[in-house]
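Heads up: the structure comes next, in structure tokens.
The values are calculated or read from the model by the stated rules, or taken from the named source; none is laboratory data. In this text, all values refer to a predicted model and were calculated from it rather than measured experimentally. Neighbour counts run over all protein chains shown; Cβ positions are idealised from the backbone, glycine included.
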């Protein structure tokens, strides 16, 4: 008889050298480097290189990597036409998943063991995801897509493609830091989904499409969309305590709090809180940050003893809101970041692959006779 662990909680599914978490101490490292140092000093492009290659690049290597990313941002007109055919009312994550799956049709399926082909698949995916999201965003508004600009950095170009204007450097830097903090997080649901797909030796495009579908779920990447809605519902800092108390009394989940791994405040949330605070000083909606602070204070008072603290979703939604990103795009922005970690795990799986084939515990009936349809009662036995 096998032991059963619902949700595979605490069950190691892989050996990895990509990221490390100490949930008791609130530590997160990418390839051994503390996340705080990367968020403070690195860029998303450099952090992506680190995740993929297990080392920080030289200036020459980073320049070449960045150049390749900039030159592969463009979408084929057939892919743009495909996006135009999608329902404007559909969720952006569905559009992203469909487009990413389609990208692989335009390029030869790379052999799983070919580092050269995998490199270019990674370049295409990392560079094109922002273009896909921006393209769908504009098309559903009734606007024409805006072509990428090679002279703009990764996040600056994304914001430009969405709005048609080059945004303030402070906003671009804030978003770049958010992407770093969201780029990787060990064995989560979407990473595991991607690993299962990679273990079949499917191509990276299919792997990432699989992970995107998993990230869409409200219990994974969709939580930050609900956080900003909650802050608007509360309305003022003075109303936060009663709102949270009412939710907890009926055992409703407060989005943006709690994590299966962290037993203290998510280290990413601490960094994001500082970014949110600085952005709110520049905004006419600074009250949202004040509400968030009061919500966190109330949660700490009421359930802090249960090791339920703010997670990465709590402040990221607030930051995206102040940058001007539409609420239902938050999870797509998450995917723009997490594609770096997904690809790192995908390539790690390729190097030492074994097909995932878990077991199950059967709890159904057995040895039942087949009954001819004329002899069956209204309700089958």
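Among the residues of region 123-146, how many are assigned to a loop (DSSP other than H, G, I, E, B) and in contact with a helix residue (DSSP H, G or I) (Cβ under 8 Å, 6 or more places away or on another chain)? Of the residues in that region, 3 qualify.
Of the residues making up region 96-122, those that are over 24 Å from residue 153 (Cβ atoms) and in a helix (DSSP H, G or I) are 97, 98, 101, 102, 104, 105, 106, 115, 116, 117, 118.
To keep it simple, each residue is scored yes or no on (1) crowded, with 16+ Cβ neighbours inside 10 Å; (2) modelled with pLDDT of 95 or more; (3) at negative phi.
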{"residue": "17", "(1), (2), (3)": "no, yes, yes"}
{"residue": "28", "(1), (2), (3)": "yes, yes, yes"}
{"residue": "32", "(1), (2), (3)": "no, yes, no"}
{"residue": "50", "(1), (2), (3)": "yes, yes, yes"}
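For region 310-322, the criterion of being touching a residue at least 40 places away in the same chain (Cβ under 8 Å) and more than 29 Å from residue 281 (Cβ to Cβ) is satisfied by no residue at all.
Among the residues of region 1-23, write down those that are outside any loop (DSSP other than H, G, I, E, B) and within 20 Å of residue 347 (Cα to Cα). Correct list: 19, 20.
Taking region 207-248 as the range and being over 15 Å from residue 97 (Cα atoms) and within 11 Å of the chain's Cα centre (by Cα) as the test, the residues that pass are 220, 223, 224. Here is the figure for region 276-316: residues that are part of a helix (DSSP H, G or I) and either closer than 16 Å to residue 240 by Cβ or touching a strand residue (DSSP E or B) at 6+ places or on another chain (Cβ under 7 Å) (or both) total 22.
Can you find even one residue in region 236-252 that is more than 25 Å from residue 129 (Cα to Cα), in contact (Cβ under 8 Å) with a residue 60 or more places away in the chain and in a helix (DSSP H, G or I)? Scanning region 236-252 turns up no residue that is more than 25 Å from residue 129 (Cα to Cα), in contact (Cβ under 8 Å) with a residue 60 or more places away in the chain and in a helix (DSSP H, G or I). Looking at this structure, is residue 49 over 21 Å from the mean Cα position of the chain (by Cα) and either assigned to a helix (DSSP H, G or I) or touching a residue at least 24 places away in the same chain (Cβ under 8 Å) (or both)? So residue 49 fails the test. Scan region 122-139 and tell me whether some residue there is over 23 Å from the mean Cα position of the chain (by Cα) and assigned by TED's automatic domain parsing to the domain that holds residue 43. The answer is no; no qualifying residue exists. What about residue 59, is it surrounded by fewer than 12 Cβ atoms within 10 Å (Cβ to Cβ) and either over 30 Å from residue 217 (Cα atoms) or at pLDDT 95 or above (or both)? Answer is yes for this residue.
Among the residues in region 210-226, are any over 21 Å from residue 187 (Cα atoms) and either in a helix (DSSP H, G or I) or at pLDDT 90 or above (or both)? It would help to see each step written out before you state the result.
Narrowing region 210-226 to residues over 21 Å from residue 187 (Cα atoms): 225-226.
If we keep only those that are either in a helix (DSSP H, G or I) or at pLDDT 90 or above (or both) as well, we get 225-226.
The answer is yes, given that some residue of region 210-226 is over 21 Å from residue 187 (Cα atoms) and either in a helix (DSSP H, G or I) or at pLDDT 90 or above (or both).
Within region 157-201, restricting attention to residues that are without any contact (Cβ under 8 Å) to a residue 60 or more places away in the chain and in a helix (DSSP H, G or I), the residue that is surrounded by the fewest Cβ atoms within 10 Å (Cβ to Cβ) is 169.
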